[in-house]
Amino acid sequence: MAYTKQFLAAFFLLVGCQVVTAQDELDEQVPYQGDTLLTNPNQVRETADGDILMDCDWPTMMSMIRDLEERIAGETETDTVYGVYVSGAMVGASLQMWHDCLVLRDSIEALQVTYDEALAPRVTVDAAVVLSDTSAALSASFSGSGVDASGFAWAEDFTTTPETGDDTGTSSPIADTLTTLDAGTFYYFSAYASKDGELFYGDTLSLLTMPGITTDAADELTAESATLNSTFSADSITAQGFVWGLQSDLSDGTNVSADTTGGSTAIEYALTGLTEDATYYFSAYATNASGTTYGDTLSFVAQLVATSVSYQGYDYDIVAIGTQYWFAENLRNENYNDESTIPTGLDQATW
C-alpha cells in the first residue's frame, strides 16, 4: 500500500459500539486462530486402553503452547521461556497432577496476544498540545520489536500528501514539535512506526492552531477619541477585540470586544472619552477553541493629528514629533518678521 493511502485511510477508521477484544484483532500471522480446541477445549478422547474420556487434547494444546513460546522468543530475539501449565493437588498422601483444559486454552490465547504484539508495532497517538498560532507539540508511543524508525505525519486535508518530520528514533515514547503551521487552521496528524520497510500508523487525530492576530496602528485620532485597528488570520475565531490602557504593560488594561464587518478579517473599535495629550497603549486579541492570541502592543497620543498646514497660500506637510508638530519642509516666506518684503534677484556678494 502506498504511503499516502496508508495515512489517509486512517482518517476513515471508525470503531463501533461493539466490544472488540484483543483476540479479535490478531495479526493474520498468529497461528491457531479459531482452532476448535480454543473455542471448545473439552473434547471426547479415547485412550490407548480404549477408555473414553471427556477432557481435552492436552498433548496438542501443550504443543501449541511450546510453539508460541518459541515464536515469541524468535521474534523478540531472546531466550525461550517455557512456562509450567500443570495443575496439582494433594489427595491424601499423594500428589496428583493434571492439565486443566481451560487453563491451557487461556494460556494459548494469552500467548497469541503476546506474539501478535511482537509481530507488528502498535502505535498509540496522544492528543496534540497546541502551543501557539503556528506550533503544536505531538507525542505518541508504540509497542513491538524490530522498529527501525518512527515519526509523525500531518496534513490540512485529505487531498494533499502529508508532511513528515524528522525520524524520532526506535525507542518509545516519541515526540516532535511542529513550528511552521498556519494560524487558525485545522490539521490532521498521526504517528507511525516502521519495521522492515513497512509503516504502521496509529489513529488519526486533529488539532486547531490558535488564531493569528496583528495589531495595526490607531487612526482617526482626536484629542478625545481614536480608532483601534487589527487584522486576524483564522476562520474559526469565537471572540476578538482589544486590551487598552495607560500602562505600557497593559496591567491596567480594559478589554473591549470588537466585531468584524462583511466577512472582513479587519477588526476596529472606536475609543471615546480620552484625555488630551495622554499616551495610550493597546493590543489586539483573537480567540478560538485552542486559546487566545495577542498581537504586539502599540501606542498613540490622544491629540488632533494634522497632515498639512496652509501659510501664505502654500500647503506645508507636517510631522508629529512627540506632542509637537513640525514642518516637513523649509518655510517659503516672502517677508521678514517686520513684514518688510524680502528682496529677490540678489547676487551672492549682495547677500
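Any read-out appearing in this document is the output of simple, stated calculations on the displayed coordinates, not a laboratory observation. Being a predicted model, the structure only gives us computed values, none of them experimental. Glycine also receives a Cβ, built like all others from the backbone with ideal geometry; neighbour counts cover every protein chain displayed.
Determine, for each peptide in 245-251, 177-183, the mean count of other beta carbons within 10 angstrom over its residues, then list the peptides with the highest first.
On the way: 245-251: 12.0, 177-183: 15.3.
Going by the mean number of other Cβ atoms within 10 Å, highest first, we get 177-183, 245-251.
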Could you let me know the centre-to-centre spacing of the range 185-254 and the range 90-118, using Cα atoms, in angstrom? 59 Å
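With 10 angstrom as the radius, rank SER139, SER190 by how many other C-beta atoms surround their C-beta, starting from the fewest. Kindly include the intermediate steps, with their values, before the conclusion.
Numbers: SER139 18, SER190 25.
Going from sparsest to densest Cβ surroundings: SER139, SER190.
Loop only per DSSP, at most 12 neighbouring Cβ atoms within 10 Å: give me the chymotrypsin sites (Phe, Trp or Tyr not before Pro) in the range 49-145, ordered by residue number. Please report the intermediate quantities before stating the final value.
Working: sites: TYR82, TYR85, TRP98, TYR115, PHE142; in loops: TYR82, TYR85.
Within the range 49-145, the qualifying chymotrypsin sites (Phe, Trp or Tyr not before Pro) (loop, at most 12 other Cβ atoms within 10 Å) are TYR82.
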SER233 neighbourhood, Cβ < 11 Å, K/R = +1, D/E = -1, net charge -3
Roughly what angle does helix 101-119 make with the longest principal axis of the chain, taking Cα atoms, 0 to 90 degrees, to the nearest 10? 40 degrees
If I compute Rg/Rh (Cα atoms, Kirkwood Rh) from the structure I just sent, which labelled value in (1) 1.24; (2) 1.38; (3) 0.98 lines up? (2)
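If you filter the range 155-198 for chymotrypsin sites (Phe, Trp or Tyr not before Pro), then keep DSSP loop positions with at most 16 other Cβ within 10 Å, what is left?
PHE158
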Exposed loop GluC sites (Glu not before Pro) only (DSSP loop, at most 15 other Cβ atoms within 10 Å): please give the longest stretch of the chain free of them, not including the sites. 78-155
Enter the angle in degrees (range 0 to 90, nearest 10) between the Cα long axis of helix 58-76 and the first principal axis of the Cα atoms of the chain, meaning the one along which they spread out most. 30 degrees
